[in-house]
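One structure below.
Just so it is clear, none of the values below were taken in a lab; they were calculated from the coordinates. None of the values given here were measured: they were computed from a predicted structure. Neighbour counts are summed over all protein chains in view; Cβ atoms, including those assigned to glycine, are modelled from backbone coordinates with ideal geometry.
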Amino acid sequence: MSVALHRKAAPASVTCFVLTISDTRTPETDASGNAIVEMLTTAGHEVAGRAIVHDDPGAVREIVRRQATAVQVIITTGGTGITARDSTYEAIMSAVDKRLDGFGELFRMLSYEAVGSAAMLSRACAGSIAHTAVFSLPGAEQAVRLAMEKLILPEVGHVVRELTR
């Protein structure tokens with residue numbers, strides 16, 4: 001079956017959970033989380049829940065695993081850099097069953113066009129836990145909007161369809 005037919009058979013709306021990983025953000029200052037929610041709802045998707053958690057791999061892993069039993073898609077923002085406190089990549093990759101390496105590769109390619117060689121510092125990643133897709137984005141709002149517009153929103157229904165086949 002062609003990609004066009006897969007997309008046609010994909011759900012138009014999916015249920016999502018948004019997780020902000022930050023030691024400093026609050027509901028009032030979470031511009032990246034707000035952007036994800038706004039873009040998902042504008043595209044017709046349901047945001048079933050949202051949370052902010054400190055950059056602690058155990059806490060991140062626990063929330064992601066719990067939410068994977070309740071929603072079709074989890075989108076995280078924050079903690080994907082290389083500072084001592086950035087541990088989202090390790091938490092997400094230790095929780096997923098299957099990696100979606102192309103997501104990170106494409107994100108860094110698109111980021112390179114926007115910010116140049118600094119794109120190599122991003123450890124944005126994606127994968128799946130059972131039938132749930134997990135996308136892990138940087139904390140910068142510009143990066144979140146890029147990933148949502150160019151990668152996640154065009155394919156999220158297709159990804160969910162493939163995970164449930």
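Could you tell me which residue of the stretch 104-114 is surrounded by the fewest Cβ atoms within 10 Å (Cβ to Cβ), considering only residues that are farther than 12 Å from T80 by Cβ and touching a residue at least 12 places away in the same chain (Cβ under 8 Å)?
Checked the stretch 104-114; the qualifying residue surrounded by the fewest Cβ atoms within 10 Å (Cβ to Cβ) is A114.
Check off (1) touching a residue at least 24 places away in the same chain (Cβ under 8 Å); (2) surrounded by 14 or more Cβ atoms within 10 Å (Cβ to Cβ); (3) over 20 Å from I21 (Cβ atoms) for Y89 and give me the number that stays unchecked.
With respect to (1) touching a residue at least 24 places away in the same chain (Cβ under 8 Å); (2) surrounded by 14 or more Cβ atoms within 10 Å (Cβ to Cβ); (3) over 20 Å from I21 (Cβ atoms), Y89 is out only on (3).
Tell me, which residue of the stretch 32-46 that is aliphatic (A, V, I, L, M) and surrounded by fewer than 18 Cβ atoms within 10 Å (Cβ to Cβ) is farthest from the chain's Cα centre (by Cα)?
The residue in question is A43.
Can you pull out the residues in the stretch 123-158 that are buried (at least 23 other Cβ atoms within 10 Å of the Cβ) and among the hydroxyl-bearing types (S, T, Y)?
T132, S136
Residue by residue through the stretch 1-27, note down the ones that are of a type in the set (A, V, I, L, M), in a helix (DSSP H, G or I) and touching a residue at least 12 places away in the same chain (Cβ under 8 Å).
V3, A9
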